[in-house]
Amino acid sequence: MGVPDASSVIDFALFPMLSTDYSSVARIFTQGIETGNATYDVAAADWADWDAKHLNHSRWVLKSRKEESVLGWAALSPVSSRRVFSGVAELSIYIDTDFLGQGFGNVLMNAVIASSEENGIWMLQSGIFPENLASIALHEKFGFRMVGKRERIGKMANGDWRDIVLLERRSSVVG
């Protein structure tokens, strides 16, 4: 028997991310840091820095209707300041570790893809540690394809070098 659909287990709603959601977003990002397989970062940024580095559109949070707690989030960052790359964005998607495997990544991925296309994004890309098999599978489920692997591209705080698998998704409606 498979994992039940998230909507049958937890009553949730999808909302555009607000600055008031950021403490929960940072908490979930910190969980990702603690796994050792989600990011090179060692700490969550403050709101002003995070806000400046992410596109103003396609920022989503999933909240439990009962507790109004954030279960997960997704957002996009520009890959370059050059105009020619204005339709290319890097996807960040994180789920609270207490709610992994319940389908929330699917909900966020659907939302961020739709809103990215509504805002003229023709290519989404993600860099994922190869050990993060669940994230790779989620991306592939939504049409991302693996385009390469960058070996020993970044060094973790503990000094370990890590690889990144590059995935991209070309919009079928934009570009």
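The table that follows gives values for the structure above.
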item	result
Selection status of Leu133, at pLDDT 95 or above, surrounded by 16 or more Cβ atoms within 10 Å (Cβ to Cβ) and under 25 Å from Thr30 (Cα atoms)	no
Filter pass, Phe12 being at pLDDT below 95, aromatic (Phe, Trp, Tyr) and within 15 Å of Asp96 (Cα to Cα)	yes
Qualifying residue in the range 138-158 (condition: among the hydrophobic types (A, V, I, L, M, F, W, C), within 24 Å of Phe104 (Cα to Cα) and assigned to a helix (DSSP H, G or I))	yes
Top-ranked residue in the range 61-96 [being polar (S, T, N, Q) and within 14 Å of the chain's Cα centre (by Cα); ranked as surrounded by the fewest Cβ atoms within 10 Å (Cβ to Cβ)]	Ser77
Matching option when the condition is of a type in the set (Val, Ile, Thr) and loosely packed, with under 12 Cβ neighbours inside 10 Å, among Val147, Val174	Val147
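The values are calculated or read from the model by the stated rules, or taken from the named source; none is laboratory data. Note that the coordinates shown come from a computational prediction; the quantities given were computed from them, not determined experimentally. Heads up, the Cβs are rebuilt from the backbone with ideal geometry, glycines too, and the neighbour counts pull from every protein chain shown.
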